[in-house]
Amino acid sequence: MSYAELGRGLSITTFRKFMTAIFNIDSHPFTDDFFLYFDSNRDGLVDFYEMVVGMNIIEKGSFEEKCQFAFTMYDLSEAEVLDTVSIREVLRRSYVS
């Protein structure tokens, strides 16, 4: 199955389908956050390079890289600080079924 058009990348919709196929989880509450993390150039697509870099950090990254990834996932306001509002929102989304 093809998820991306040649020379483009994954849109948010196809990224969700791809992540579901890879990790066998449907509608994970953090899939959109993964997309935002992977889309490093903020063009609304995850290209091949961005996917490889993101997956490499998740699968084989150092402890520091994984900590930075986790912090970025929790820093919803991109303020580079974890406030109680962000942590509450992360916890709320973690328990949504």
Multiply the residue gap between Gln68 and Asp33 by 0.36 nm, knock off their C-alpha separation, and tell me the result in nm, one decimal place. 11.2 nm
If you line up the Cα atoms of the chain on their principal axes, what length do they span on each, largest first, in Å? 42, 30, 25
Accessible area per residue of the chain at 1.4 Å probe, in Å²? 72 Å²
What stretch of the chain, leaving out the sites themselves, is the longest with no GluC sites (Glu not before Pro) in a DSSP loop having at most 14 other Cβ atoms within 10 Å? 6-77
Largest fluctuation, Thr14, Thr84, Thr31 only, Gaussian network model of the chain with Cα springs under 10 angstrom, belongs to Thr84
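Share of the chain's accessible area from carbon and sulfur, percent, 1.4 Å? Provide the component values of the computation, followed by the final result.
Details: 4020 of 6950 Å².
In the chain, the share of accessible area belonging to carbon and sulfur is 58 percent.
The values are calculated or read from the model by the stated rules, or taken from the named source; none is laboratory data. Everything numeric here is computed off the predicted structure, so don't read it as measured data. Cβ coordinates were reconstructed from backbone atoms using ideal geometry, including for glycine residues, and neighbour counts include every protein chain displayed. Ligands, DNA and RNA are stripped out before the accessible areas are found, and what is left, the full protein with its side chains, is counted by its heavy atoms. Shrake-Rupley method; radii C 1.70, N 1.55, O 1.52, S 1.80 Å.
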